[in-house]
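Participant: The structure follows.
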Amino acid sequence: MANKLQNLDDLRRLREETKQSMLSRHGAETQIIVGMGTCGIASGAREVMAAILEELAKRNLNVTVLQTGCIGMCEKEPLVDVVRPGENRITYGNVTPRDVPRIIGQHVVNGQIVEDLVVGRVD
Amino acid sequence: MQIFRAHVLVCGGTGCTSGGSPQIRTRLEEELAKNGLDKEVKLVVTGCHGLCEMGPLVIVYPEGTMYVHVQPDDVSEIVSEHLLKGRVVQRLLYKEPLTAERVPHYGDLPFYHKQQRVVLKNCGYINPEVIEEYIGRDGYAALAKALGEMTPEQVIEEVKKAGLRGRGGAGFPTGVKWGFCRNAQGEPKYIICNGAEGDPGAFMDRSIMEGDPHRVIEGMTIGAYAIGASEGYIYVRAEYPLAVKRLRLAVKEAEARGLLGDNILGTDFSFHIHIKEGAGAFVCGEETALMASIMGERGMPRPRPPFPANSGLWGKPTNINNVETWANVPEIILKGADWFASMGTEKCKGTKVFALTGKVQNTGLVEVPMGITMREIIFDIGGGIPGGKKFKAVQMGGPSGGCLPESKLDLSVDYESLTGAGAIMGSGGLVVMDEDTCIVDVARFFLNFTRAESCGKCTPCREGIKRMLEILDRIAAGEGKMEDLDLLERTALMVKNSSLCGLGQTAPNPILSTLRYFRDEYEAHIKDKRCPAGVCAALLTYKIKPELCRGCTACTKVCPVGAISGTRKAVHVIDPDKCIRCGACAERCPFKAIVRA
Ligand SMILES: Cc1cc2nc3c(=O)[nH]c(=O)nc-3n(C[C@H](O)[C@H](O)[C@H](O)COP(=O)(O)O)c2cc1C
């Protein structure tokens, strides 16, 4: 059962919490795009996606997560793109769930590209 | 806390629900689970998005992709294509009628361009059955602000400064009304939310109550604080079962969260809300009749004064406002009077919600700034008249309102301009009519409605409406005389000036406005025995053009009264005495040889 809100601070806390959970309803500026073609899914994109969502929740980040279909680099799947506002679109290849904390921690949060995983850049 | 990368919004408004959205929801639940997406994708049932014409609607965020006319069988494709692989299902996107282009983004629809959503900002965006979603959209922050930072007098002052006027029809300044009730003597004081919504074709208040019930509750609670009321009633027609259900749930949730009931947000302010279901009589929307109905008496109006502010429910000071009026209050308190007053015209601030229906492409719910023109609403937002037909008139304000012709379409939509033109803002019903509509028939329709809904208490309304209707029936039957028009006008003015309540006082408006703008059409019925729109059955004749008739005998077979004679390959003839003018023959004729005159 829901707790009674005793004061303004209670209300504010509940608001911030729900705002976070509703963020997916407006596009955020930073995007993570996961390749979800048949090739992507076959090589583990679903697990990568789950890891991304978990990491974002853990860090309370406002990021839009999108999927895309096959882009023709099937042997490099799972592919994960990171787009930060005003920066190049970086594509990471052969991503595993274990790489996800690094991609998010270094690149999404701090803007430092995880060079050893990069397979493409587009501006 | 769990993050969902995508939210799928399924419209749970009344329109989409009857179109099958509950099945869509069930199928989505199944498909998401089957594809293992239920931990990544969140399903949200929302209130009305307004574009009811295109329902059932499904919107996918973060992209904001809107799918229209979705059927349960489309669900697996949406899940496997869009939600799994990120590929938009093109065939389910809205198609722009003129260019036939698909519009992927919700926000890019012309229907939403000129709208300004204040009251409706959460409708179709949040789940109205989950209080946290409302709170996540700054819900109850205005109440917290009022309780924590403002005195009741400051709240009233803010509402006055904002220039908010009653959205129930009359446009009385809300802050002023609150002030009367605050200063009135008597305890306890009551607050009423008028959700009777009796106008045929109107569904603004229903959508607000269904789609964002907490907004109404928050507005009422702020009002109660300002006025010093401890009890509140929401009067809602029993024909709105979904609204009743969601309001009840919302009251319960707000009480559980300490946002309603005793000691709200830990303060010493307490306020309780009761839901009262009405039986849906039109007159029960009138404030004194409504109060009688709440008290368990027969819903009949009484003379004013005394006004409800001094003597309302059980003789105590009572403040009554319309659903939409209450729904404006939280935004005003939260964002300030100046923000609110920046929308609209000199004398009319803010926005107004309209229910757009009739002969218009995009029927639905629209919210526009005051001062917009009727032309913008009907043509830019509504997409104009379907089937290449010509616009004829727009009826505003339901049975209390008037009909405006093409020449008045550029009028600013505000209380004063519309009243001056013979219509009223009313509660927001807008019925668009095309060239196939007969004006005499329209007046008859509304008079029939008010005659049936008149409570019978006062003579002018009870008898006068009936007499006017008799005259209209005569004219429609081709038995009218020119003197009838004067008699009609005189009776109309008498009923308007001497009826007890607003029902009778406004019932003649459909007649007076159509006599003003479409007198020639009345005259055509009387002098030429002709109905220009071809609606009044008694004035129609069907003829067979001999040069086009091939004697196929198709018409003789569909005529229900055997009025057509003729043998195969010979020209047929209609017997005007037998013909009942049903038009079946004209519809059937493959050679378009049968014409209506
Ligand atoms: C016949 C009749 C029907 C009415 N129906 C409604 C109605 O359905 N909803 C409504 O809010 N006001 C209705 N009103 C207006 C109410 O009497 C009252 O003016 C209104 O609820 C006041 O609220 P407001 O100041 O917020 O507009 C009706 C009035 C008349 C005369």
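Participant: Would you check if B:Thr450 is within 15 Å of the ligand (Cβ to nearest atom) and of a type in the set (Val, Ile, Thr)?
Facilitator: Yes.
Participant: Could you tell me whether B:Gly480 is over 33 Å from the mean Cα position of the chain (by Cα), surrounded by 15 or more Cβ atoms within 10 Å (Cβ to Cβ) and within 30 Å of B:Thr459 (Cα to Cα)?
Facilitator: Answer is yes for this residue.
Participant: Filter segment B:257-292 for residues that are within 14 Å of another protein chain (Cβ to nearest Cβ) and in contact (Cβ under 8 Å) with a residue 12 or more places away in the chain; which is nearest to the ligand (Cβ to nearest atom)?
Facilitator: Out of the qualifying residues, it is B:Leu260.
Participant: If I ask for residues that are surrounded by fewer than 16 Cβ atoms within 10 Å (Cβ to Cβ) and not small (Gly, Ala, Ser), which ones from segment A:21-46 would you list?
Facilitator: A:His26, A:Glu29, A:Thr38
Participant: Condition check: away from the ligand (no atom under 16 Å from the Cβ), surrounded by 24 or more Cβ atoms within 10 Å (Cβ to Cβ), of a type outside the set (D, E, K, R) and part of a helix (DSSP H, G or I). Does B:Ala250 satisfy that?
Facilitator: On the way: away from the ligand (no atom under 16 Å from the Cβ): yes; surrounded by 24 or more Cβ atoms within 10 Å (Cβ to Cβ): yes; of a type outside the set (D, E, K, R): yes; part of a helix (DSSP H, G or I): yes.
Yes: the conditions hold for B:Ala250.
Participant: Out of B:Gly163, B:Gly186, B:Gly171, report the one residue that is assigned by TED's automatic domain parsing to the domain that holds B:Asn319, more than 15 Å from B:Gly285 (Cβ to Cβ) and out of contact with any Phe, Trp or Tyr (no Cβ under 8 Å at 6 or more places or on another chain).
Facilitator: Result of the check over B:Gly163, B:Gly186, B:Gly171: B:Gly186.
Participant: Among (1) in contact (Cβ under 8 Å) with a residue 24 or more places away in the chain; (2) more than 14 Å from the ligand (Cβ to nearest atom), where does B:Thr151 come up short?
Facilitator: The failed condition is (1).
Participant: Evaluate segment B:365-376: report whether one residue or more is within 14 Å of chain A (Cβ to nearest Cβ) and within 16 Å of the ligand (Cβ to nearest atom).
Facilitator: no
Participant: Does segment B:219-228 include one or more residues that are under 30 Å from B:Cys16 (Cα atoms), more than 10 Å from the ligand (Cβ to nearest atom) and hydrophobic (A, V, I, L, M, F, W, C)?
Facilitator: Yes, segment B:219-228 has at least one match.
Participant: Looking at A:Val122, A:Val118, A:Val83, A:Val100, which is the one that is modelled with pLDDT of 95 or more and β-branched (Val, Ile, Thr)?
Facilitator: So the residue among A:Val122, A:Val118, A:Val83, A:Val100 that is modelled with pLDDT of 95 or more and β-branched (Val, Ile, Thr) is A:Val100.
Participant: While we're on this one: Could you check B:Ile156 against (1) of a type in the set (A, V, I, L, M); (2) more than 26 Å from the chain's Cα centre (by Cα); (3) within 14 Å of chain A (Cβ to nearest Cβ) and say which number it fails?
Facilitator: With respect to (1) of a type in the set (A, V, I, L, M); (2) more than 26 Å from the chain's Cα centre (by Cα); (3) within 14 Å of chain A (Cβ to nearest Cβ), B:Ile156 is out only on (3).
Participant: Another question, then. Output yes when any residue across segment A:81-93 is among the hydrophobic types (A, V, I, L, M, F, W, C) and crowded, with 21+ Cβ neighbours inside 10 Å, and no when none is.
Facilitator: Yes, some residue in segment A:81-93 is among the hydrophobic types (A, V, I, L, M, F, W, C) and crowded, with 21+ Cβ neighbours inside 10 Å.
Participant: Quick one: B:Phe307 ticks every box in (1) away from chain A (no Cβ under 14 Å); (2) closer than 24 Å to B:Arg215 by Cβ; (3) hydrophobic (A, V, I, L, M, F, W, C) bar one, so which box is it?
Facilitator: Unmet for B:Phe307, out of (1) away from chain A (no Cβ under 14 Å); (2) closer than 24 Å to B:Arg215 by Cβ; (3) hydrophobic (A, V, I, L, M, F, W, C): (2).
Participant: Hey, another quick one. Looking at segment A:1-16 only, could you name the residues that are part of a helix (DSSP H, G or I) and facing chain B (nearest Cβ under 7 Å)?
Facilitator: Within segment A:1-16, A:Leu8, A:Leu11, A:Leu14, A:Arg15 meet the criteria.
Participant: Still on this structure: Has segment B:81-96 got at least one residue that is farther than 30 Å from A:Ala2 by Cα, part of a loop (DSSP other than H, G, I, E, B), more than 29 Å from the chain's Cα centre (by Cα) and away from every other protein chain (no Cβ under 11 Å)?
Facilitator: Yes; the residues of segment B:81-96 include at least one that is farther than 30 Å from A:Ala2 by Cα, part of a loop (DSSP other than H, G, I, E, B), more than 29 Å from the chain's Cα centre (by Cα) and away from every other protein chain (no Cβ under 11 Å).
Participant: Can you tell me which residues in segment B:43-93 are surrounded by 23 or more Cβ atoms within 10 Å (Cβ to Cβ) and among the polar types (S, T, N, Q)?
Facilitator: Within segment B:43-93, just B:Thr46 meets the criteria.
Participant: Name the residues in segment A:9-29 that are in contact with a strand residue (DSSP E or B) (Cβ under 7 Å, 6 or more places away or on another chain) and touching a residue at least 40 places away in the same chain (Cβ under 8 Å), would you?
Facilitator: Answer for segment A:9-29, where residues must be in contact with a strand residue (DSSP E or B) (Cβ under 7 Å, 6 or more places away or on another chain) and touching a residue at least 40 places away in the same chain (Cβ under 8 Å): just A:Ser24.
Participant: Output yes when any residue across segment B:511-524 is among the aromatic types (Phe, Trp, Tyr), surrounded by fewer than 22 Cβ atoms within 10 Å (Cβ to Cβ) and away from the ligand (no atom under 16 Å from the Cβ), and no when none is. Walk me through it before giving the result.
Facilitator: Of the residues in segment B:511-524, the ones among the aromatic types (Phe, Trp, Tyr) are B:517-518, B:522.
Now drop any that are not surrounded by fewer than 22 Cβ atoms within 10 Å (Cβ to Cβ), which leaves B:517-518.
Next, only the ones that are away from the ligand (no atom under 16 Å from the Cβ) stay: B:517-518.
The answer is yes, given that some residue of segment B:511-524 is among the aromatic types (Phe, Trp, Tyr), surrounded by fewer than 22 Cβ atoms within 10 Å (Cβ to Cβ) and away from the ligand (no atom under 16 Å from the Cβ).
Participant: In addition: Is there a residue in segment B:217-233 that is under 16 Å from the mean Cα position of the chain (by Cα), part of a loop (DSSP other than H, G, I, E, B), more than 14 Å from chain A (Cβ to nearest Cβ) and of a type outside the set (Val, Ile, Thr)?
Facilitator: Checked against the condition, which is being under 16 Å from the mean Cα position of the chain (by Cα), part of a loop (DSSP other than H, G, I, E, B), more than 14 Å from chain A (Cβ to nearest Cβ) and of a type outside the set (Val, Ile, Thr), segment B:217-233 yields no hits at all.
Participant: Moving on to the next point. Assess whether B:His49 counts as being in contact with a helix residue (DSSP H, G or I) (Cβ under 9 Å, 6 or more places away or on another chain), assigned to a loop (DSSP other than H, G, I, E, B) and without any contact (Cβ under 8 Å) to a residue 60 or more places away in the chain. Step through it out loud before you land on a result.
Facilitator: Numbers: in contact with a helix residue (DSSP H, G or I) (Cβ under 9 Å, 6 or more places away or on another chain): yes; assigned to a loop (DSSP other than H, G, I, E, B): yes; without any contact (Cβ under 8 Å) to a residue 60 or more places away in the chain: no.
Spelling it out, it is not the case that B:His49 is in contact with a helix residue (DSSP H, G or I) (Cβ under 9 Å, 6 or more places away or on another chain), assigned to a loop (DSSP other than H, G, I, E, B) and without any contact (Cβ under 8 Å) to a residue 60 or more places away in the chain.
Participant: Just for segment B:182-207: of the residues that are within 12 Å of the ligand (Cβ to nearest atom) and not in a loop (DSSP other than H, G, I, E, B), which one is nearest to the chain's Cα centre (by Cα)?
Facilitator: B:Met204
Participant: Only one of these is assigned by TED's automatic domain parsing to the domain that holds B:Leu51 and either touching a Ser or Thr at 6+ places or on another chain (Cβ under 8 Å) or surrounded by fewer than 15 Cβ atoms within 10 Å (Cβ to Cβ) (or both): B:Gly15, B:Gly36, B:Gly19. Name it.
Facilitator: Details: B:Gly15 fails: either touching a Ser or Thr at 6+ places or on another chain (Cβ under 8 Å) or surrounded by fewer than 15 Cβ atoms within 10 Å (Cβ to Cβ) (or both); B:Gly19 fails: either touching a Ser or Thr at 6+ places or on another chain (Cβ under 8 Å) or surrounded by fewer than 15 Cβ atoms within 10 Å (Cβ to Cβ) (or both).
From the options B:Gly15, B:Gly36, B:Gly19, the qualifying one is B:Gly36.
Participant: I've got another one for you. If I go through segment B:253-287 residue by residue, how many of them are over 30 Å from A:Gln6 (Cβ atoms) and surrounded by fewer than 22 Cβ atoms within 10 Å (Cβ to Cβ)?
Facilitator: 5
Participant: Under 6 Å by Cβ, and 6 or more places apart or on different chains, what pairs join a residue from segment B:498-516 that is closer than 16 Å to B:Gly299 by Cα with one that is more than 9 Å from the ligand (Cβ to nearest atom)?
Facilitator: Qualifying pairs under 6 Å: B:Leu500/B:Cys458; B:Gly504/B:Pro460; B:Gly504/B:Cys461; B:Gly504/B:Val495.
Participant: A further question follows. Counting just the residues of segment B:421-466 that are farther than 17 Å from B:Glu286 by Cβ and of a type in the set (Lys, Arg), which one comes out surrounded by the fewest Cβ atoms within 10 Å (Cβ to Cβ)?
Facilitator: B:Lys466
Participant: Further question: In segment A:102-123, how many are assigned to a helix (DSSP H, G or I), of a type in the set (Lys, Arg) and over 16 Å from the mean Cα position of the chain (by Cα)?
Facilitator: Within segment A:102-123, residues that are assigned to a helix (DSSP H, G or I), of a type in the set (Lys, Arg) and over 16 Å from the mean Cα position of the chain (by Cα) number 0.
Participant: If I ask for residues that are closer than 20 Å to B:Gly344 by Cα and more than 13 Å from the ligand (Cβ to nearest atom), which ones from segment B:156-181 would you list? Walk me through how you get there before you give the answer.
Facilitator: Our first condition is that a residue be closer than 20 Å to B:Gly344 by Cα; within segment B:156-181, this holds for B:157-176.
The answer is B:Glu157, B:Glu158, B:Lys160, B:Lys161, B:Ala162, B:Gly163.
Participant: Among the listed residues B:Arg298, B:Arg304, which satisfies the condition of being assigned to a loop (DSSP other than H, G, I, E, B), in the same structural domain as B:Arg246 (by TED's automatic domain parsing) and away from the ligand (no atom under 11 Å from the Cβ)? Quick ask: steps written out before the conclusion?
Facilitator: On the way: B:Arg304 fails: away from the ligand (no atom under 11 Å from the Cβ).
Matching residue, one of B:Arg298, B:Arg304: B:Arg298.
Participant: So, one more: Of the numbered conditions (1) within 11 Å of chain B (Cβ to nearest Cβ); (2) surrounded by fewer than 17 Cβ atoms within 10 Å (Cβ to Cβ), A:Met49 fails exactly one; give the number of that condition.
Facilitator: (2)
The values are calculated or read from the model by the stated rules, or taken from the named source; none is laboratory data. These numbers come from a predicted model, not from an experiment. Glycine gets a Cβ as well: all are built from the backbone with ideal geometry, and neighbour counts include every protein chain shown.
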